[in-house]
Amino acid sequence: MRLKEILTEQQLQDVHDALDIASLSLPYTYKMNQLKNNDFYPIYRFGVAIAAVRGESGNDDVMNGYRPNFEAESQWGENQIVSSFDPNVGQVIDKALRKINKPGKKLVSSPGSIEMKDANKGSPIKPFRGYAK
């Protein structure tokens, strides 16, 4: 087999940007002018919205009838969240924020780890008491 039979050159005279290529090779490709790709949060929420639309359109009972309401913005919005088991993480966050000239933080949880009221606190595994002597 000759090399020219398996290698081809791409003709790029009609290609000006990636949309030229996508319009020819990708099926059902859309551009959203109001959804910019330089901010992760709106892109993330768009992905969640796509999942919500797909979930609302189906009739299967995968989630046993539970369908959460979709909100355009999450409770915390675009705000950065830091969570840690270190009780001194607040001081670390304060120092890091000062380094980048950003003000304040707000505690949005309880100190320590508190179980929900309906959490099963007992182990489902029977404890091993050792072998008989």
Name the residues in the range 102-126 that are surrounded by 10 or more Cβ atoms within 10 Å (Cβ to Cβ) and among the aliphatic types (A, V, I, L, M), would you? VAL108
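Every residue, every condition in (1) among the charged types (D, E, K, R); (2) modelled with pLDDT under 70; (3) at positive phi, yes or no:
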| site | (1), (2), (3) |
| --- | --- |
| ASP14 | yes, yes, no |
| ASP20 | yes, yes, no |
| LEU35 | no, no, no |
| ASP39 | yes, no, no |
| GLU56 | yes, no, no |
| ASP61 | yes, yes, no |
| ILE81 | no, no, no |
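Being closer than 26 Å to ILE43 by Cα and either of a type in the set (Ser, Thr, Tyr) or assigned to a loop (DSSP other than H, G, I, E, B) (or both) is true for just one of GLY122, GLY77, GLY112, GLY130. Which residue is that? Lay out the reasoning, then the answer.
Working: GLY122 fails: closer than 26 Å to ILE43 by Cα; GLY112 fails: closer than 26 Å to ILE43 by Cα; GLY130 fails: closer than 26 Å to ILE43 by Cα.
When all the criteria are applied, what remains is GLY77.
So how many residues does the range 80-89 have that are within 25 Å of PHE40 (Cβ to Cβ) and either surrounded by 10 or more Cβ atoms within 10 Å (Cβ to Cβ) or not β-branched (Val, Ile, Thr) (or both)? First the steps, then the outcome.
Initial filter on the range 80-89 (within 25 Å of PHE40 (Cβ to Cβ)): 80-84, 89.
Checking the rest, the ones that are also either surrounded by 10 or more Cβ atoms within 10 Å (Cβ to Cβ) or not β-branched (Val, Ile, Thr) (or both) come to 80, 82-84, 89.
Qualifying residue count, the range 80-89: 5.
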Show the residue pairs that are 6+ apart or on different chains and have beta-carbon atoms under 7 Å apart, the first residue being within the range 35-46 and over 14 Å from GLN80 (Cα atoms), the second being among the acidic types (Asp, Glu). ARG45/GLU73
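The values are calculated or read from the model by the stated rules, or taken from the named source; none is laboratory data. What you see is a predicted model; the values in this text were computed from it and never measured. Counting neighbours? That spans all protein chains shown, and the Cβs are built from the backbone with ideal geometry, glycine included.
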